[in-house]
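To start, the structure under review is shown below, and the notes come after it.
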Amino acid sequence: MAWKQRRSGKPPLEAAWAYHRPMVWLIGLTIAVSLLAGGSCAAASVPHLKSPVVKIDTGSTAWMMASTALVMFMIPGLALFYAGMVRKKNVLATMMHSYSALVLVILQWILFGYMLGFGTDHGGLIGWNPADILLIGVNPHHAVSQSGHYIPETVFCMFQAMFAMITPAVIAGSIVERMKFSSFLLFVLLWTTFVYDPLVHWVWGGGWLNQLHVADFAGGTVVEIASGVGGLMLSLLIGRRNGYPNQVLQPSSLALTLLGAGILWFGWYGFNAGSAGAADGLAGIAFINTTVAAAAAGFAWNMAEYVHHQRMSTLGLASGIVAGLVAITPACGFVAIWASPIIGILAGVVCYLAVQVKAKLGYDDSLDAFGVHGVGGFLGMLLTGIFAVAAVNGVRGMLQGNIHQFLIQLLAAVSTVAFVAIGTLAIGWIVKVTIGLRVPEVVEVEGLDLGIHGETGWDIGALPESAIVSPAES
């Protein structure tokens with residue numbers, strides 16, 4: 001706040017109001033939505049609790065709860081993955097994007113997000129069932145069927161909440177080191193409500209793509225294309241970082257990035273194998289496909305680097321692993337094991353080329369959310385339409401003579417790109433003209449850790465001489 005008072009010339013009270021006004025607006029909006037939701041709940045007819053009509057599969061329920069925790073653990077993984085690639089003055093601000101997306105979207109999901117995504121279908125476009133606002137109508141004894149196995153709806157709701165929170169967290173990779181924190185919070189709330197929730201209804205909640213029988217096992221459209229395209233649009237709207245691409249923007253710690261990639265890979269098992277909805281053979285297929293594709297993509301990215309630059313980098317290995325995880329996400333429960341290394345190799349090479357194009361075109365998708373997640377997700381959706389085999393999950397792709405499935409996959413991918421692009425630009429523009437998107441230049445130069453949060457991510461100053469113990473003394 002001090003820097004703003006010095007430069008604005010405003011009285012302290014007025015300067016404080018100007019500084020905190022965006023957060024006040026965000027809190028006010030949240031309260032207004034909550035009151036509106038409360039009114040809807042009062043008018044809704046909440047169903048009576050009913051005895052379960054089926055036996056809940058306790059083993060599958062335990063696996064789904066573990067999978068939910070695995071996906072949640074991807075947030076610290078993503079935070080480390082991104083934090084290692086930004087400059088040391090922006091480490092905490094970058095990690096805050098991931099953690100704030102977690103807490104904000106969980107609250108939104110419970111309040112009305114789950115209802116919009118998985119409520120009663122309306123025209124194939126959106127779910128709506130006022131009784132499910134604040135989960136009032138969700139009976140803890142009711143079960144939902146996943147692959148013929150029944151798990152509590154509460155567990156299903158929480159599993160889907162993890163997908164909702166990880167998607168805007170990935171978007172943050174495109175706009176690190178320059179976006180206001182309050183603006184990011186408002187963007188996440190609006191984007192999740194008006195882009196993610198309708199999209200998840202289209203694909204998994206009974207919407208029009210679901211009715212067309214699109215094959216998207218774990219979120220190639222809903223998570224990967226949506227986060228990649230959303231990140232690209234927001235980065236174009238906010239503009240490039242100061243100094244990009246002419247100055248070297250030194251990563252703070254690629255060791256953190258490697259650690260984050262490992263945690264992401266670990267959590268992705270919940271993401272993909274958990275999408276089977278049960279502890280069964282389909283989960284096992286998704287599990288092994290995820291592993292093989294990630295390994296193949298990491299190797300292929302490093303090979304592409306070696307051909308291009310005569311070296312293999314740690315950042316390239318980490319990026320390739322994530323690219324393979326992204327591309328196999330829609331396909332892991334539809335393709336045979338032999339297809340997963342092919343998908344991984346293609347993902348490693350194609351996503352590597354997509355990242356190289358960024359430098360030529362000059363846009364600042366800072367941490368390659370579009371190049372890895374957007375391009376990788378689009379590629380994975382198309383490859384699902386090619387390699388899907390009926391013996392795995394009842395879906396035939398082009399290799400089994402079903403070109404119709406490939407066309408559905410293409411339609412779903414293109415529709416997701418268009419919807420997310422338009423929705424992100426609209427929401428980003430609203431935030432920009434109301435509270436602004438970008439931090440002042442002085443904060444960007446100083447670093448967002450100090451300029452916004454008043455903290456530093458690293459305290460690695462030299463120890464005083466009195467604290468140094470000689471080997472003889474020890």
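Observations
- Three-way shape label, the stretch 112-167, alpha-carbon gyration tensor, a/c 1.5: rounded
- Positive dipole terminus of the chain, leading residue within 384, 72, 453 (C-beta point charges): 453
- The chain: relative contact order in percent, alpha carbon pairs under 8 Å with at least 6 residues between: 20
- Size of electric dipole in the stretch 322-474: Cβ of Lys, Arg +1 and of Asp, Glu -1, about Cα centre, debye, nearest 20: 1220
- Lysine pairs meeting the criterion (Cα under 22 Å, 8 or more apart or interchain), as found in the chain: 7
- Check: the chain dipole with +1 on Lys, Arg Cβ and -1 on Asp, Glu Cβ, in debye: 820
- When the Cα positions of 163, 307, 362 are compared along the charge dipole of the chain, 362 comes out farthest toward the positive end, with charges on each C-beta of Lys, Arg, Asp and Glu.
- Across the chain, Cα-Cα distances exceeding 27 Å account for 55% of all pairs.
- Helix screen, the chain: DSSP H segments with Cα axial length of 20 Å or more and mean Kyte-Doolittle hydropathy at least 0.5 are 12-43, 58-72, 91-108, 153-171, 254-272, 281-309, 314-328, 339-361, 403-434.
- The convex hull of the Cα atoms of the stretch 165-261, projected and averaged over all directions, covers 7.7 nm².
- Two-decimal Rg to Rh for the stretch 141-180 - Kirkwood Rh, Cα set: 1.29
- Debye log10 I(q)/I(0) at q = 0.10, 0.14, 0.19, 0.21 Å⁻¹ for the stretch 317-426, Cα point scatterers: -0.30, -0.58, -0.96, -1.09
A short reminder: the numbers here are calculations on the coordinates, not readings from a lab. Worth saying up front: this structure is predicted, and the values here are computed from it rather than measured. With ideal geometry, Cβ positions are generated from the backbone for all residues, glycine too; neighbour counts draw on all protein chains shown.
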